């Protein structure tokens with residue numbers, strides 16, 4: 001809601017709060033659509049300003065409200081500029097073999113993220129970003145760097161470690177730019193031949209970057225971000241701590257970015273669905289890294305409302321450590337609902 005001068009009222013704006021005259025009588029009720037008659041009545045009573053509804057007041061879900069917020073609108077505007085600058089740096093490297101300036105990448109990162117006071121808000125904002133088709137591969141790496149910054153803070157990395165992790169995020173998937181766009185973003189299931197081609201992007205990325213004056217951890221992350229903790233990944237089937245530490249973090253970042261980025265052919269998964277997928281696939285990741293990230297993701301949702309598959313709305317009051325995708329809820333009658341024991345219930349949306 002916002003206050004607006006009566007002179008600035010336009011037809012079909014909606015009055016948000018009852019308007020009263022000097023005697024305290026309601027002359028225009030909340031919910032009234034503005035018309036010539038409404039404006040004339042306000043002028044007769046010398047009402048100088050009224051409160052009207054804004055788009056955000058009509059938003060239903062949590063992420064709709066984020067998308068309509070002033071903070072997101074500013075972030076989206078800055079994001080477009082910063083993504084173009086990042087794309088230019090990468091294209092110059094691809095076309096002219098120019099040196100990738102880590103200082104420039106970090107400048108772009110800082111300019112975009114420093115105005116966002118709460119780091120978790122960056123995740124909310126990215127959840128609402130829909131890149132254009134020609135930017136999807138670039139946006140994937142760009143988003144991963146932003147997500148890496150949030151996760152790195154949650155993991156309490158030292159400043160120099162956090163910077164290096166963000167740099168890994170900017171570059172780790174650069175090998176995908178050597179593969180056909182139609183293959184990378186194919187909405188249908190890949191054939192075995194296509195998947196084998198996709199898997200070459202880790203080696204392609206390593207070969208592209210190996211002569212750059214960059215930290216060896218970036219090279220190792222580029223090569224190893226699809227290795228799995230249980231040894232089932234590629235290209236070398238490394239396991240446990242054989243996998244570079246930064247690659248172990250970026251593998252989580254990579255999966256998270258893929259699940260949260262909206263595509264033209266599917267919707268993003270909501271955070272509790274994402275947590276559930278990670279928990280079900282926990283054997284693929286270093287749990288010493290994954291667990292605190294999932295806990296912070298869940299804690300960010302405490303106090304929000306969820307819609308269950310039985311049409312009940314309830315508030316998230318506690319994240320269950322044993323199963324973080326199944327929180328403790330409280331409905332409108334102050335009845336607690338423990339989703340760990342209520343296996344019949346599922347969270348459909350977050351409000």
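The values are calculated or read from the model by the stated rules, or taken from the named source; none is laboratory data. What you see is a predicted model; the values in this text were computed from it and never measured. Positions of Cβ are generated from backbone atoms using ideal geometry, with glycine treated the same way; all protein chains shown enter the neighbour counts.
Points to keep in mind about this one:
- Count of segment 127-138 residues, restricted to those that are assigned to a helix (DSSP H, G or I) and touching a helix residue (DSSP H, G or I) at 6+ places or on another chain (Cβ under 6 Å), is 3.
- Scanning segment 180-205 for residues that are at pLDDT 95 or above and in contact with a helix residue (DSSP H, G or I) (Cβ under 9 Å, 6 or more places away or on another chain) returns 194, 197, 198, 200, 201, 202, 203, 204, 205.
- Qualifying residue in segment 9-26 (condition: part of a helix (DSSP H, G or I) and more than 44 Å from the chain's Cα centre (by Cα)): no
- When segment 27-75 is filtered for residues that are part of a loop (DSSP other than H, G, I, E, B), more than 30 Å from residue 115 (Cα to Cα) and touching a helix residue (DSSP H, G or I) at 6+ places or on another chain (Cβ under 7 Å), the ones remaining, listed by number, are 32, 47, 48.
Yes/no matrix, rows are residues, columns are (1) assigned by TED's automatic domain parsing to the domain that holds residue 247; (2) buried (at least 18 other Cβ atoms within 10 Å of the Cβ); (3) more than 22 Å from the chain's Cα centre (by Cα):
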{"position": "287", "(1), (2), (3)": "no, no, no"}
{"position": "291", "(1), (2), (3)": "no, no, no"}
{"position": "307", "(1), (2), (3)": "no, no, no"}
{"position": "313", "(1), (2), (3)": "no, no, yes"}
{"position": "320", "(1), (2), (3)": "no, no, yes"}
{"position": "325", "(1), (2), (3)": "no, yes, no"}
{"position": "335", "(1), (2), (3)": "no, no, yes"}
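- Any hit, segment 251-261, residues being outside any helix (DSSP H, G or I), within 22 Å of residue 143 (Cα to Cα) and modelled with pLDDT under 95: yes
- Residues in segment 213-250 that are out of contact with any helix residue (DSSP H, G or I) (no Cβ under 8 Å at 6 or more places or on another chain) and either buried (at least 22 other Cβ atoms within 10 Å of the Cβ) or in contact (Cβ under 8 Å) with a residue 60 or more places away in the chain (or both): 213 only.
- Test: residue 204 is free of Cβ contacts under 8 Å to residues at least 60 places away in the same chain and more than 19 Å from residue 253 (Cβ to Cβ): yes
- Of the residues making up segment 271-278, one or more are without any contact (Cβ under 8 Å) to a residue 24 or more places away in the chain, buried (at least 16 other Cβ atoms within 10 Å of the Cβ) and touching a helix residue (DSSP H, G or I) at 6+ places or on another chain (Cβ under 7 Å).
- Against the numbered list (1) in contact with a strand residue (DSSP E or B) (Cβ under 7 Å, 6 or more places away or on another chain); (2) farther than 29 Å from residue 140 by Cα, residue 335 comes up short only at (1).
- Filtered by the rule that a residue be in contact (Cβ under 8 Å) with a residue 40 or more places away in the chain and within 12 Å of residue 53 (Cα to Cα), segment 1-41 gives 1, 2, 3, 4, 9, 13, 16.
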